[in-house]
Structures are given as structure tokens and as C-alpha cells.
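Engineer: Attaching a single structure in C-alpha cells format; questions to follow.
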Amino acid sequence: MVNKIFGYILIALGAIAVLLSYSGIRTTLNISLPSGISELIIMLIGIILLFIGAFLTFKKTNKQIAEVPIYEGQGKKRRIVAYQRH
């Protein structure tokens, strides 16, 4: 569950970084980049964050298969005869 939350946060940060790499959006929001950072670097960082976030959010987790007992008999004479996997 924590990986999914962290993944969603990374996806949001990546999307923001990709949006801020466009000069039109930065001028609309009155934001300027530091002089040493180019638009391409911001876009690449945003794309990398998007991929990492998507991987953490949508990866499948291997859950242990639960075994359910199969009983035979009634009441106190009931006994386990097999296990069924779910």
C-alpha cells in the first residue's frame, strides 16, 4: 500500500516537472528556471519520475495463496480431509 501511495506522489511530481518544462506554461505561471537547468533536463527528470511512479503503482504483488481446510463430518466428529487453495 505504501508503494502505491509513493508511486502516485512520483507520478504527480513527474507530471508537474514535464508541464514546467514548457516555456508557455512557465510564463503563464510567472515561474522561471534557474540558469543552470535547461528545459530538456527538467523534461527528462519528469519522464523518469513518471515511469518510476507508474512502476511502483501498477506492479503486481505476489500474495501468498491461502489454503482453506475441507472438513468431513459434523460437530465434534468433524475432521480435516484436505486443503483447497484460493
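The values are calculated or read from the model by the stated rules, or taken from the named source; none is laboratory data. These numbers come from a predicted model, not from an experiment. Ideal geometry is used to build each Cβ from the backbone, glycine not excepted, and the neighbour counts take in all protein chains shown.
Engineer: Note down all Cβ pairs under 8 Å where the first residue falls in region 50-62 and is within 23 Å of residue 18 (Cα to Cα), the second is among the charged types (D, E, K, R) and in a helix (DSSP H, G or I), and they're at least six residues apart or on different chains.
Structural biologist: 56/4; 57/4
Engineer: Could you please let me know if residue 68 is of a type in the set (Val, Ile, Thr) and loosely packed, with under 11 Cβ neighbours inside 10 Å?
Structural biologist: yes
Engineer: Another question, if that's okay. Scanning region 51-78 for residues that are under 19 Å from the mean Cα position of the chain (by Cα) and part of a loop (DSSP other than H, G, I, E, B), which turns out nearest to residue 4 (Cα to Cα)?
Structural biologist: 59
Engineer: Does residue 20 satisfy being within 14 Å of the chain's Cα centre (by Cα) and surrounded by 11 or more Cβ atoms within 10 Å (Cβ to Cβ)?
Structural biologist: Taking the combined requirement at face value, the residue does not satisfy it.
Engineer: Next up: Taking residue 48, is it under 29 Å from the mean Cα position of the chain (by Cα), surrounded by 10 or more Cβ atoms within 10 Å (Cβ to Cβ), part of a helix (DSSP H, G or I) and at pLDDT 85 or above?
Structural biologist: Taking the combined requirement at face value, the residue satisfies it.
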